[in-house]
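For reference, the structure is listed below as structure tokens.
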Amino acid sequence: MEFEGIHHIAIIGHDLEKTLDFYVTKLGFEISAQHQRESKGDIKIDLQKNGLVLEVFIKANAPARSTYPEGEACGLRHLAFAVLDVDKTVKRLKQLDIPTEPVRRDDFTHKKMTFFFDPDGLPLEIHE
């Protein structure tokens, strides 16, 4: 079995407008496809940026995420984006009214990193 990379990452959100504002308007992803899935009761949106593909499913009645960091459930913990300059990226996020946690250094790589959150509380990391 040979894996060649990550094909996509799937995210579930509650609110179409807030989710698109966050990922498209603020983070700069582009919509490559959008489908209303009547049989599943959701909307599927494919987003792309710099070779990264996100599948976003809008499900108004999806259960809320567990609290962070206490009470984390098993499964995907967070999504981490590689950036060249964490401080510069934090500054840009703050200009977009996206709060971030304080910048800190990874315990093992000693590279700068921090977290911010999407409209549904999904932890997103930026890491040098």
Checklist entry - Counting only residues that are outside any strand (DSSP E or B), surrounded by 14 or more Cβ atoms within 10 Å (Cβ to Cβ) and in contact with an Asp or Glu (Cβ under 6 Å, 6 or more places away or on another chain), how many does region 1-25 have? => result 2
Item to check | Tally, over region 16-46, of residues that are modelled with pLDDT of 95 or more and closer than 22 Å to residue 64 by Cβ | outcome: 13
Next on the checklist: I'd like the full set of residues that are out of contact with any Phe, Trp or Tyr (no Cβ under 7 Å at 6 or more places or on another chain), surrounded by 12 or more Cβ atoms within 10 Å (Cβ to Cβ) and β-branched (Val, Ile, Thr), limited to region 73-128.
Outcome noted: 83, 86, 89, 90, 103, 114
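The values are calculated or read from the model by the stated rules, or taken from the named source; none is laboratory data. Here the structure is a predicted model, which means the values were calculated and not measured. All Cβ positions, glycine included, derive from the backbone under ideal geometry; neighbour counts span all protein chains shown.
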